[in-house]
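Below is one structure, written out as C-alpha cells; the observations come after it.
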Amino acid sequence: MHLVDNVLLNIVLMTLIKFAGFVLAFVMGVATVLTWAERKYSALLQNRIGPNRANIGSIRAGGLLHMLADPIKMLTKEDFAPNTPNPVLFRIAPLLAFVPALVVFAVIPFGPGEGFQISNTSLGILFIFAISSLNVYGSVIGAWASNNKWSLIGGLRISAQMISYEVAIGLSLCGIFMIYGSLDLQDIAARQGELIWGFLPAWGVVLQPVAFILYLTCAIAENKRAPFDVGEAEAELTAGWWTEYSAMGFAVFALSEFIEIILIGCVGTTLFLGGWTIPGLHGDAWWIVVLEIGAFLFKTLFLVWLQMTIRWTLPRFRYDQIMRLGWRIMLPIALLNLVVTGIVLTFIERA
Amino acid sequence: MAKVVNRMHPDFATQSYVIEVFKGVALTTRQFARNLFARKDVVTVQYPDDRRPYTPRFRGKHRLMLRDDKSVRCVACMLCATACPANCITIVAQEIDDPTIEKAPSRFEIDLLKCIYCGFCEEACPCDAIRLDSGVHSIPSFTRRDQKAGVINLMSLGSASIASQGGEHRAHSHEGTAHGQSSGH
Ligand code: SF4
Ligand code: SF4
C-alpha cells in the first residue's frame, strides 16, 4: 500500500513539475509575450511604431508593459453579455476553446525520452487531433449563443472551414506516419535524429516537403487566422464570431488563439523539423539534453514566427476561395502525396 | 467608352502561391528589420507629443472676434445661423445703446457636436465677427453639455479685427486710427 502511494505520488509530482515547466512557463509565457509581440511586430513591418505608451513612471520598455496593462484592463472592463437565450453557453464558450488548446500539450515531447513528455501515449498524434478538433465547439457555440447575426454568420463560416481543413490536415500527416511507422510522437521525433546518406537529417520536412506546406496551410486555416480569418472578417462582419465578447471572455478567446499558434509550432516541430533532435548530436550527457530541449523550443519559436509573418503578409481570402482551396486543391494534393509516398516506400522495401 | 481590361495571366509558379508567399514573407521581414532599430520607414506621428502642422486654411473651433473696446463684434444679424447647414448656431439678440450698431447677441451658442466645420457661418458673416481660424481641433469633454460653446467661450479665442463696422458714421470716426481702414465689408 505504502509503495503504491509512493509511486502514485511520484507520478503526480512529476506530472505537475513537467506541467509547470512546459505548459505554464513556456506555453503560457510565450502566449503572453505574443499578445504584445504580435502588435509590435505587425506595427514595425507595416511602418508603424505600435504599442509603446504603457508605463510605470518613466519606464516604458518599448511597450513591453502592455503585457501587464492588458490583463488589468481586461479584468476591470465591463464584461458585457448580450440579451441571449443561452447565457450559460455564452459564458462557457471561451473555456471550450481554451481548455482543449492547453490539454493537447500533454503529449508533446519537448525533450529526449519519456521524462520530457507529460503523458507518453502511443496514440500521440490521434490524441492531438481528437482534442484540438473540439476547439471548433468553443467558437461555434460562442457564435451561436451570442444571438447576433454577425456572430452567427462568422460561426457558420468557421465551422465549415475548420471541419473541411481537418480532413486535409489529417491526410497530410499520414505520409509522416507511413515513413516513421509510428503514431507515437516521441518515436517520430527520435527517428528524425538519424541521417540519410550520412549528411541529410531525416526530418519530416526533408522527406515530406509537400506535406509540410499542406500542414502549415491547413493549420493556419484551423486556427482561423489571416489569410483564413473569414469568420472574423472585420470588413464584413464587425468581428465575426466573437463580436459580442468583451473583457475576459474576449481575452480568453484571444489567448487560446495564441496558444494554438504555439501548438501548431510544437506539432510542426515534432513531425517535420526533427522535434528535439539536433543532427549529428547524440548522447545522454546532461548538456546534450539541455541543448536538445533548447533546440525544440527554438524550432517551435521559429514556426511561431513564420505563422505570424504569414499572417501579417497575406490578405484575407474570399470565403468561397477558402472552401475551394480546402476541398479541391489541398485534399487531392494530400491524397496524391499519400499515394506517391506509398509507392516510394514499397520500392525502398523491395530494394 | 469601352475600355480594354488587361487581365493578368500569372504562370503556374505564381498561381501555386507557395513561392509568392515566401517572397511576401521576405519582404515583410526586410521591412521589419529596417524598422527594428533605425525606424527607417516609420511614418507614425506620436500624436499628443508631436503634431503635424495645420495648413493656414484649416477650419478649427470657431472664435468670435472683438472690437477695439473688447466687446463682441457680432451684431446678431442671424446670417450665420441661417446659412448653417447643421442648424447648430443659436443666437438670442438684445438691443444695445450704440445707435449705429443697434444689436448684439445676448446668447450665442454653437453646438460643436453638430457642427460640421463647413465654414459657411464665417462666409456669411458681414462683420467678420465669426471665424474658424483658431487652429483648435479635437475638443474633448466629459458631457455633451460641455460641447455647447457659449459666447464667452468663443470670445476667449477672439482678437480684434481690422474690418470696420457700424456704417458710414462709425467708419468716419475711426478714420486715422490703425484699425480704422474700411475693407469693403
Ligand atoms: S462651420 Fe458650418 S456647421 Fe459649423 S457653425 Fe459654421 S455654418 Fe454651422
Ligand atoms: S456672427 Fe456674424 S453672421 Fe452671425 S449673427 Fe453675428 S454678425 Fe451675424
Inset, instruction - Fewest Cβ neighbours within 10 Å first, please rank B:Lys3, A:Lys149 accordingly. - result: B:Lys3, A:Lys149
Inset, instruction - May I ask you to derive the relative contact order of the range A:73-350, considering only C-alpha pairs under 8 Å and at least 6 residues apart, and to give it as an integer percent? - result: 27 percent
Inset, instruction - At q = 0.16 Å⁻¹, what is the base-10 log of I(q)/I(0) for the range B:63-156 according to the Debye formula with one equal point scatterer per Cα and no solvent? Please give it to two decimals. - result: -0.63
Legend entry - Estimated dipole of the protein assembly as shown in Debye, rounded to 20 [Cβ of Lys and Arg +1, of Asp and Glu -1, Cα centre]: 820 debye
Inset, instruction - Calculate the mean, over all residues of peptide A:337-343, of how many other protein chain Cβ atoms lie within 10 angstrom of the residue's Cβ. - result: 0
Legend entry - Diffusion constant of the range A:73-350 at 20 °C, which comes from Stokes-Einstein with the Kirkwood Cα-pair radius and 1.002 mPa s, µm²/s: 109 µm²/s
Legend entry - Net charge over other residues, Cβ less than 11 angstrom from the Cβ of A:Gly275 (K, R count +1; D, E count -1): 0
Legend entry - Ranked list, fewest to most other Cβ atoms within 10 Å of each Cβ, for A:Thr238, A:Thr346, A:Thr217: A:Thr346, A:Thr238, A:Thr217
Legend entry - Low-density loop positions, trypsin sites (Lys or Arg not before Pro), the range A:290-343 - DSSP coil, at most 14 other Cβ in 10 Å: A:Arg318
Legend entry - Alpha-carbon Debye profile of chain B, log10 I(q)/I(0) at 0.08 Å⁻¹: -0.48
Inset, instruction - Return one number: the angle in degrees, 0 to 90 and rounded to the nearest 10, between the long axis of the Cα atoms of helix A:209-222 and the longest principal axis of the Cα atoms of chain A. - result: 30 degrees
Legend entry - Sorted peptide list for A:103-110, A:269-276, criterion being average Cβ within 10 angstrom, highest first: A:269-276, A:103-110
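Just to be sure I follow the definition: excluding the sites themselves, where is the longest run in chain A that has none of the GluC sites (Glu not before Pro) in a DSSP loop with at most 16 other Cβ atoms within 10 Å?
After excluding every exposed loop site, the longest remaining stretch is A:195-351.
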Legend entry - Using alpha-carbon coordinates, inclination of helix B:18-36 to the longest axis of chain B, degrees: 50 degrees
Inset, instruction - Could you line up B:Lys103, B:Lys23, A:Lys40 from fewest to most neighbouring Cβ atoms inside 10 Å? - result: B:Lys23, B:Lys103, A:Lys40
Inset, instruction - Pop a pseudo-label 7 angstrom from the Cα along the beta-carbon direction at both A:Met28 and A:Ala130 and give the gap in nm to one decimal. - result: 2.6 nm
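Read the figures in this text as sums done on the coordinates, not as results from a lab. If you're wondering where the values come from, they're calculated on a predicted model, not measured in any experiment. Positions of Cβ are backbone-derived with ideal geometry, glycine not excepted, and every protein chain shown enters the neighbour counts.
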